[in-house]
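J.: Below you will find the structure I want to go over with you.
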Amino acid sequence: MRLCKVMFAFALFGLAVPMKAASKFPTVLAACSAFGANGGFVIATASVDSLSLSVTSAFGKDQRLTVPLRYQPEQWQLDRPTLRWHLYDCSLFFDHSGDLLAVGITTTEYTRPQKLQIAVADLKTSMWLSNFGVEAEQNFGLSARLRLAGFLSDTKSIVVTNALKASVKTQQRESISAIVFDASGKKLSVQPFVHSQRTLMTFYPDAANNRLWLFHCGTVSARPSQQPFCPISITNLVGDESFSATFDPSHYTKKRTDLWMRPGTFVAPDLNTLLIAESVDGNDTVWRVDVQSQVLDRLVLPQHHFLKYDAMRGGTLSPDADVFAVLLGQYKIAFPYIVDNYVYEGDDIVVLQVKPLRVLGIVPHRGAKYTQGLSVDHRNGKATVLVYRQDHWERRDFDDAQAWK
């Protein structure tokens with residue numbers, strides 16, 4: 001037991017773990033982490049046959065919980081090492097009180113239909129409350145995307161979203177549905193809350209604020225500067241659609257490449273504010289949208305790559321909503337050094353202050369070929385990043401009073 005604690009401490013702070021000792025631990029297929037509002041943090045790892053939680057309280061007390069992995073990988077997948085970090089997605093959410101924790105393990109495109117395992121833990125009693133599965137229905141002409149969206153507002157109910165995207169050959173409307181479960185895994189909504197669209201757009205479900213952000217992004221066969229603008233509509237994720245708002249970014253600039261195209265990285269600091277991250281025409285950009293006041297702020301990050309497509313992903317917000325961290329993919333041109341012969345080098349971690357938008361620091365990738373489990377905390381004038389890469393956890397601190405250069 002003592003050796004295990006020592007090895008975990010080494011891994012958490014990014015120190016080298018001896019190879020012989022590391023080989024005793026199961027191969028990690030997915031990892032995620034989250035900071036609590038009280039200063040504690042949780043890490044989750046999925047191995048071949050189990051899902052494990054390691055909980056560290058603000059006072060340094062450790063808890064460990066394990067359940068079987070409901071949807072285990074097939075042998076042919078395990079025999080292909082390049083698939084290891086592409087089999088599952090992992091996500092963690094605290095409820096409003098910080099007493100409950102929901103972890104979601106979602107199978108990716110290598111498993112159809114898509115499947116989602118949800119396990120809910122009570123941190124006060126150090127016990128699992130539930131461990132259940134949600135599977136996408138096999139609908140003709142439709143492909144589904146399941147995801148755990150988190151706890152609904154200040155309740156202990158859990159929201160799962162399912163995006164159904166129709167094939168070109170069918171006339172079916174595409175939709176985004178929200179299904180509500182209680183902490184024991186019982187379905188609370190007899191029928192899902194469905195938001196139907198003629199074309200499924202980029203969207204962001206924000207369960208904590210009961211918001212669904214929809215991006216009406218069309219594309220034409222033209223250069224980025226000639227693409228149509230991408231306005232946003234906002235409504236309730238669950239319940240009636242009594243709340244409705246829109247945001248048209250074209251009112252703020254006529255230069256199309258100053259705005260998002262088809263973003264996929266979002267975080268929501270509050271009910272009316274959204275942070276968007278996307279690489280547009282080679283510029284890595286973060287926007288802060290305030291729907292209530294109809295204000296748009298834009299920050300272009302330091303130039304770290306030359307690609308024309310989106311290289312930003314994995315955005316996460318600190319519990320106090322003051323700091324935003326995002327992954328920024330790094331690439332190089334490989335031999336014979338021709339256009340579009342790009343090789344992935346790893347992800348830098350960009351840490352930003354939300355208001356005003358500014359860079360607090362950058363954690364370089366240092367050759368890490370995969371990065372998972374990114375989370376960020378902010379308290380006492382310091383931002384803390386926790387991330388899993390190259391088979392160990394790393395932790396980095398940034399003074400938010402110190403300007404980044």
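J.: Pull out a ≥ b ≥ c, the square roots of the eigenvalues of the alpha-carbon gyration tensor of the stretch 216-321, then state rounded if a/c is under 1.5, prolate if not and a/b is larger than b/c, and oblate in the remaining case.
T.: Oblate, because a/c is 1.5 or more while a/b does not exceed b/c.
J.: Another question, then. Suppose each label sits 7 Å from its Cα in the direction of the beta carbon; what would the residue 220-residue 332 distance come out to in nanometres?
T.: That separation, rounded to one decimal, is 4.0 nm.
J.: Now a separate question. Provide the per-residue ³J(HN,Hα) series for the stretch 217-224, in order, calculated from phi with Karplus coefficients 6.51, -1.76, 1.60 and θ = phi - 60°, each as a whole number of Hz, with x at glycine and proline positions.
T.: Each residue of the stretch 217-224 in turn: 9, x, 10, 10, 7, 7, 5, x Hz.
J.: Spelling out what I want: for every residue of the stretch 284-296, take phi, set θ = phi - 60°, compute 6.51 cos²θ - 1.76 cosθ + 1.60 (Karplus), and round to whole Hz; glycine and proline get x.
T.: 7, 10, 10, 10, 10, 9, 10, 6, 4, 8, 6, 10, 10
J.: What is the extension gain from residue 70 to residue 189, computed as 0.36 nm multiplied by their sequence separation minus the C-alpha to C-alpha distance, in nm to one decimal?
T.: 40.5 nm
J.: How large are Rg and Dmax for the stretch 301-405 when only the alpha carbon atoms are used, in Å?
T.: Rg and Dmax of the stretch 301-405, Cα atoms, are 14.6, 50 Å.
J.: For residue 393, which sequence-distant residues (separation of 5 or more, or a different chain) have an amide H within less than 5 Å of its own amide H, given hydrogens modelled in the peptide plane?
T.: Residues meeting the amide H criterion: 12, 14.
J.: Further question on the same structure: Quick check: Cα centre of the stretch 220-262 to Cα centre of the stretch 79-123, how many Å?
T.: With the stretch 220-262 and the stretch 79-123 each reduced to a Cα centre, they are spaced 30 Å.
J.: Taking R0 as 45 Å, what's the FRET efficiency between residue 131 and residue 292 from their Cβ-Cβ distance, rounded to 0.05? Before the final figure, lay out each step's value.
T.: Values: r = 39 Å, r/R0 = 0.87.
So, using R0 = 45 Å, E works out to roughly 0.70.
Every number in this text was worked out from the coordinates using simple rules, so none of it is lab data. Predicted model, so just to flag it, every value in this text is computed and none were measured. Methodologically, a virtual Cβ is constructed for each residue, glycine included, from the backbone with ideal geometry; neighbour enumeration extends over all protein chains shown.
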